[in-house]
């Protein structure tokens, strides 16, 4: 899978650990910064770059890392077609894909241990929309996704 990732200084170490794991698993990673701990990029500069890569289809999904994940999520979600989810557990990383079809995973370097971030990244990329859900819920979520897209169209168009 081709992924775009980015961090600020607070998420740098977690991003590096997750990136190393993903590369070892054979994924193609485009690291859009921060690339050096001593030369950090702020969350409000990095999140739009990753969001635009996902938005354009250049990559399948994205991952953003800051202190709590919240700043990155707020900025990424300002872009049409982006659903950036802040997660702190493996379950939430899986369910943001299965239920919400999130396309960017956001994590906090102050909150998530490296080993946990790796497991969350794996859950996020290996789960598809409506995976492992009951048939009635799958249909309901597909309809809900269309309704959310209509709301988004009103806002952006």
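Just so it is clear, none of the values below were taken in a lab; they were calculated from the coordinates. These numbers were taken from a predicted model, which means no experiment stands behind them. No Cβ is skipped: glycine too gets one built from the backbone with ideal geometry, and neighbour counts run over all protein chains shown.
Measure nothing fancy, just the Cα-based angle from helix 12-24's long axis to the longest principal axis of the chain, in degrees from 0 to 90, nearest 10.
It is inclined by approximately 70 degrees.
Can you tell me the length gained on complete extension of the stretch residue 136 to residue 89, counting 0.36 nm per residue apart and subtracting the Cα distance?
Length difference between fully extended and current span is 14.3 nm.
Report, in degrees rounded to the nearest 10, the 0 to 90 angle that the Cα long axis of helix 43-56 makes with the longest principal axis of the chain.
50 degrees
What is the angle, in °, between the Cα long axis of helix 135-156 and the longest principal axis of the Cα atoms in the chain? Nearest 10 is fine, range 0 to 90.
The angle comes out at about 70 degrees.
When the scattering of segment 32-157 is computed by the Debye formula from its Cα atoms alone, each counted once and equally, what is log10 I(q)/I(0) at q = 0.13, 0.16 Å⁻¹?
-0.53, -0.79
Given R₀ = 41 Å, what would the calculated FRET efficiency be for residue 144 paired with residue 37, taking r from the Cβ atoms and rounding to 0.05?
In this case the efficiency is close to 0.50.
Work out, step by step, the length gained on full extension between residue 154 and residue 78: first 0.36 nm times the residue separation, then minus their alpha carbon distance; give nm to one decimal.
Gain in length upon complete extension: 26.0 nm.
When the helix-only estimate is applied to the chain (DSSP H runs of n ≥ 4, each -39,500 (n - 2.57), divided by the residue count), what is the mean residue ellipticity at 222 nm, nearest 500 deg cm²/dmol?
About -15500 deg cm²/dmol.
Residues in segment 68-82 near a label at residue 45, defined as backbone nitrogen under 16 Å from the 7 Å Cα→Cβ point?
Within reach of a label on residue 45, which here means backbone N under 16 Å from a point 7 Å along Cα→Cβ, segment 68-82 contributes 72.
Given R₀ = 30 Å, what would the calculated FRET efficiency be for residue 52 paired with residue 111, taking r from the Cβ atoms and rounding to 0.05?
The value I calculate is 0.70.
If you bin every alpha carbon distance in segment 1-76 into 5 Å steps from zero, what whole percent lands in each bin?
Spelled out bin by bin, segment 1-76 gives 3, 20, 30, 25, 17, 5, 0 percent.
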